[in-house]
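Have a look at the structure below, then the notes.
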Amino acid sequence: MSSARATALSSNPNEPQPAPASPAEPMRGARILLECLLEEGADTIFGYPGGAILHVYDELAKMRGRIRHVLVRHEQGAVHAAEGYARSSGRVGVAMVTSGPGATNTITGLANAYMDSTPIVVISGQVATHLIGNDAFQEADIVGITRPCTKYNYLVRDVHELAVIVKEAFYLARSGRPGPVLIDLPKDVSAQSCAFSYPSRVDLPSYRPSTLGHPLQVRRAVELMAKTEKAVLYVGGGVVASNGSAALLTLAERLNLPVTPTLMGLGCFPSGHELCLGMLGMHGTYAANMAMAKADLVVAIGARFDDRVTGKLEEFAKHATIVHVDIDPASVNKNVKVDVPIVGDAKSVLEQMLEVLPEGPAPGRDAWWNTLRTWQRDFPLSYRDEPGVIKPQALMRALAAITRGEAICATDVGQHQMWAAQYYPVRHGRSWLTSGGLGTMGYGLPAAMGAALAKPHRTVLLVTGDGSFQMTLQELATCVAENLDVKVVIMNNGCLGMVRQWQELFYSRRYSEVGMKFFPDFVKLAEAYGAKGLRATKPEELSAVLEEGFATRGVVVMDVIVSEEENVYPMIPAGAAHYEIVMAPDAGAAPPEPRDLA
Amino acid sequence: MKNRHVLSVLVENRFGELARVVGLFSGRGFNIDSLAVNVTLDPAFSRVVLTTRGNEAIVEQIVKQLRKLIRVQKVVDMSDDRSIERELCLVTVQAAGARARQEVERIVALTGARIIAYAPAAFTVETSAASQEIDQFLELLRPLGIRDMVRSAPIAIARPGTEAAGESIPPLGGVA
């Protein structure tokens, strides 16, 4: 019965295709919108229909074959999917929803994309213009609501403005510091007609993002890098966003510079490269954090001195001259006083740096590298295996091995995210999808779905937790419906692990609402959604489950039961200095003193 | 007032842009002490003049965040003596009896204010001056009995010959 219903209501791929409308003829706003998306090369939309956006969905039905629409199961999923699509492909992701609750469900995704500078355009239906402000059915002031969590937003008040607005929205989303743009389209505007012509250029007189850095500042930065012994490159999502990895690699190699990526920067410098110290920050490596604490020169590129990276600001890189390359002037001098500010696109500035590199061999930095190597040797990432229990870190190592580090790895938020960041060797840019700034549980599955659509030939791995997964797991249905190839690994410790860790360390083990009392059977759940479900509970079961899971095409959910009371180490407690880093209790460092949360 | 800054913000005159300027302050925990908005000679732009408080780092961040707004063309810190600042004050004072009326007329003549409306026992007086001078003006009137008072937000303009000056925070680059 249900399958018959699905057939009756699903689109028929064999329907005859109408020819693209001639530009001279007047077109409905709904059609203009879709033609604009195609002009921008946006041929995939993640969306969910509803009353106020019906005209657009009606036009969509006439354009099958030209635009792929992915029907999600919740609007939050549409936005995260657009984010995953954008981050993995470098293109602008698109989501489309109806007014009111459809639009308000996009807010978490918009805020997430805003924090992580992800280029997406979200189109929301709106009630007809004459009803706006009347508390109409499914009305919400979404332009007002999303103003603080979008780079820009628009209410389309006249169909004649529509093409210009779409053109601007895509330009704003991908240029400068990328970010989300929302277009609110009232129903009557989508029904009005006008002649369609797509503008060839945007006219935004007040918006002039810098690309190139100031040449003198670039030269100063290079001189400092060449002559300062204890230098470190601290590189973030800006290098990924600007596709600056190749230039970064050349710079680091030519100047023999240690490199530490942020959580958002993972993959912009090859993990495992001899110059790579691993991630820095709250759960970064000892070597990376101590390098920041002891450096004479910190060169930040496309990173924004987030509190999870700096720790205690007064102690942050105390001995260092600080160079900061960022496309956003407001990020410079925001948290940390910068000595050499360079406003520009990370890749462009890196290339400018390469042009003025001094001739001759790379500086040796022997003493500095000796110190760094000692830290790496004495305080590596470590965990203790226990018989009969799968350790989360061991699971990550197994996943790295089975995918050879070549998967696009998506995560949710929590302990599993940090273990994935520590142990999954991301080798390329655009291969790591995580919610860094906002820390959105529930980001992972839809983001992985977006990546699987954008990059159908890559293995897409989602590492999630039993808590995060339950926030957006309805998108399993979308993944199955779209025949996507997504490998979901649930790091199942039966509790909200990161919250539990903080309660253990900072609240005297007074565990408060971190155990969920009931969990669904994730294997049966996967099967109910038409996916394959597998489970590993003991170390000896793990490799067989992973092998079967990764050998199976389609959506596979692997429920891996891991040790419950495992903590993520190293850890710099919130508000502490880098040198106060706490190592795993058996790794030779003192256990943490209880302290209040910052 | 300590660390007081007068910022002049040139913004495209479009629906909803003022809300972005104001929302930036509330959203990021900055203060707005006063706000004045009107259209410029070019009707495509509005000028927002606002006063705020904060140390150097905070004001630098406010200016940068304002410049980052997509429709903000220019932000100038008008807080030094290269600019002239005025606010408008309307005040209704009691003036029952000849002596009181004479006293109002004396204060008005002394301060360059003017009487813009009157009733048998009250005058409404208008003055425009820098904020501090208005404080002093109100102190002069207070003994007579102030019935009502309204002050506008200050506005500011560069002194003639220094129009290009006043940008105490040089732009670091474009917007993002």
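With the requirement that a residue be over 11 Å from B:LEU141 (Cα atoms) and modelled with pLDDT under 95, what does region B:86-101 give you?
B:ALA96, B:GLY97, B:ALA98, B:ARG99, B:ARG101
Go through (1) within 16 Å of A:VAL325 (Cα to Cα); (2) part of a helix (DSSP H, G or I) for A:ALA291 and report which single condition fails.
Checking A:ALA291 against (1) within 16 Å of A:VAL325 (Cα to Cα); (2) part of a helix (DSSP H, G or I), the one that fails is (1).
Does at least one position in region A:168-179 carry a residue that is more than 13 Å from chain B (Cβ to nearest Cβ) and in contact with a Pro (Cβ under 8 Å, 6 or more places away or on another chain)?
For region A:168-179, residues more than 13 Å from chain B (Cβ to nearest Cβ) and in contact with a Pro (Cβ under 8 Å, 6 or more places away or on another chain): absent.
Kindly list, by first and then second residue, each pair from a residue in region A:135-150 that is facing another protein chain (nearest Cβ under 10 Å) and farther than 13 Å from A:GLY102 by Cα to a residue that is buried (at least 16 other Cβ atoms within 10 Å of the Cβ) and of a type in the set (Asp, Glu), limited to pairs with Cβ atoms under 6 Å and residues at least 6 apart or on different chains.
Short answer, once both residue conditions are applied: A:VAL143/A:ASP184.
Which one is farthest from B:GLU133 (Cα to Cα), of the residues in region B:23-42 that are assigned to a helix (DSSP H, G or I) and facing chain A (nearest Cβ under 10 Å)?
B:GLY27
Condition test on B:LYS64, is it within 30 Å of B:LEU10 (Cβ to Cβ), surrounded by fewer than 20 Cβ atoms within 10 Å (Cβ to Cβ) and more than 17 Å from the chain's Cα centre (by Cα)?
Answer is no for this residue.
Among the residues of region A:546-553, is there at least one that is at pLDDT 95 or above and among the basic types (Lys, Arg)?
Scanning region A:546-553, I find at least one residue that is at pLDDT 95 or above and among the basic types (Lys, Arg), so the answer is yes.
Of all residues in region A:31-53, count the ones that are over 20 Å from A:ILE165 (Cα atoms) and not aromatic (Phe, Trp, Tyr).
Final tally of qualifying residues: 3.
For A:GLU274, work out the one condition from (1) within 14 Å of chain B (Cβ to nearest Cβ); (2) within 30 Å of A:ASN567 (Cβ to Cβ); (3) free of Cβ contacts under 8 Å to residues at least 24 places away in the same chain it doesn't fulfil.
Going through (1) within 14 Å of chain B (Cβ to nearest Cβ); (2) within 30 Å of A:ASN567 (Cβ to Cβ); (3) free of Cβ contacts under 8 Å to residues at least 24 places away in the same chain one by one, A:GLU274 breaks only (1).
Exactly one condition in (1) facing chain B (nearest Cβ under 10 Å); (2) in a loop (DSSP other than H, G, I, E, B) is not met by A:ALA330; state its number.
For A:ALA330, the failing item is (2).
Go through (1) under 21 Å from the mean Cα position of the chain (by Cα); (2) of a type outside the set (Gly, Ala, Ser); (3) away from chain A (no Cβ under 14 Å) and name the single condition B:ILE115 misses.
(1)
Filter region A:200-230 down to the residues that are touching a helix residue (DSSP H, G or I) at 6+ places or on another chain (Cβ under 7 Å) and either basic (Lys, Arg) or within 14 Å of A:ASP339 (Cα to Cα) (or both), then identify the one that is nearest to the other protein chains (Cβ to nearest Cβ).
Looking at the filtered set, the residue picked out is A:VAL218.
Could you tell me how many of the residues in region A:571-583 are out of contact with any Pro (no Cβ under 9 Å at 6 or more places or on another chain) and surrounded by 22 or more Cβ atoms within 10 Å (Cβ to Cβ)?
Residues that pass the stated criteria total 2.
Restricting region B:131-161 to residues that are loosely packed, with under 15 Cβ neighbours inside 10 Å, closer than 20 Å to B:ARG4 by Cβ and modelled with pLDDT under 95, which is nearest to the other protein chains (Cβ to nearest Cβ)?
Checked region B:131-161; the qualifying residue nearest to the other protein chains (Cβ to nearest Cβ) is B:ARG159.
Determine, yes or no, whether A:ASP184 is among the charged types (D, E, K, R) and over 32 Å from the mean Cα position of the chain (by Cα).
Criteria not met by A:ASP184.
In the set A:GLY364, A:GLY360, A:GLY344, which member is within 12 Å of chain B (Cβ to nearest Cβ), more than 30 Å from A:GLU564 (Cβ to Cβ) and out of contact with any Phe, Trp or Tyr (no Cβ under 7 Å at 6 or more places or on another chain)?
Just one listed residue meets the conditions, A:GLY344.
The values are calculated or read from the model by the stated rules, or taken from the named source; none is laboratory data. Keep in mind the model is a prediction, meaning the values are calculated, not measured. Because the Cβ atoms are built from the backbone with ideal geometry, glycine has one as well, and the counts that use them run over all protein chains shown.
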